[in-house]
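No lab work stands behind these numbers, since they all come straight from the coordinates. Quick caveat, the model's predicted, so the values are computed rather than measured. With ideal geometry, Cβ positions are generated from the backbone for all residues, glycine too; neighbour counts draw on all protein chains shown.
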Amino acid sequence: MIETNVLDMLGVSLVPFLLRSVGFSMGMRQHEESDFIKWGDLCLRDSLNTIDMDENYIAQLSGSFPIPLSCHLLNLILNAAFQSHQAAPKVESFAAGMLWDLCNTTERLLSQSVEHRSCAVSFLLPAIFKAFSSQSSLKISHQGNLFILSR
């Protein structure tokens, strides 16, 4: 994953898409909770040598993407990010940022419907707890401020 820059690609394409799907399922129509992974960054960066995605097409898909699948995929990506982080510390900023955003998203999911709470408890909380079991605290720099995310 590290050598092929898969995490970079996931960070600018699939992860924002999945977070947007979860946000839409909660009635959020714009970026509200994500501090590190911007919903608006749905088009892949030019540096990845990929074609741009049509934002309207992405918005249509994200409105119909099922929340259980979105949460399951976010779980898998977070687990992969933390496994890669252990192999290569340069992945730490992606993993820490994603963990921060998933903590915020999970907190919001827990105050929603039964399906939302079920997804938070079944998919996201186990991934969050697993991440914190491998790393008890992480330093995160956001907009010039240093934060410590800890269990």
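So for the range 107-116 (the condition being without any contact (Cβ under 8 Å) to a residue 60 or more places away in the chain and among the small types (Gly, Ala, Ser)), does at least one residue qualify? Yes, because at least one residue in the range 107-116 is without any contact (Cβ under 8 Å) to a residue 60 or more places away in the chain and among the small types (Gly, Ala, Ser).
I'd like the residue in the range 80-139 that is outside any helix (DSSP H, G or I) and of a type in the set (A, V, I, L, M, F, W, C) and, out of all such residues, is nearest to LEU18 (Cα to Cα).
Our first condition is that a residue be outside any helix (DSSP H, G or I); within the range 80-139, this holds for 88, 110-113, 135-139.
Right, trim to of a type in the set (A, V, I, L, M, F, W, C) and you get 88, 110, 138.
Working: ALA88: 25, LEU110: 17, LEU138: 23 Å.
Once the filter is applied, the top-ranked residue is LEU110.
Residues of the range 127-137 that are surrounded by fewer than 13 Cβ atoms within 10 Å (Cβ to Cβ) and either in contact with a Cys (Cβ under 9 Å, 6 or more places away or on another chain) or not hydroxyl-bearing (Ser, Thr, Tyr) (or both): PHE129 alone.
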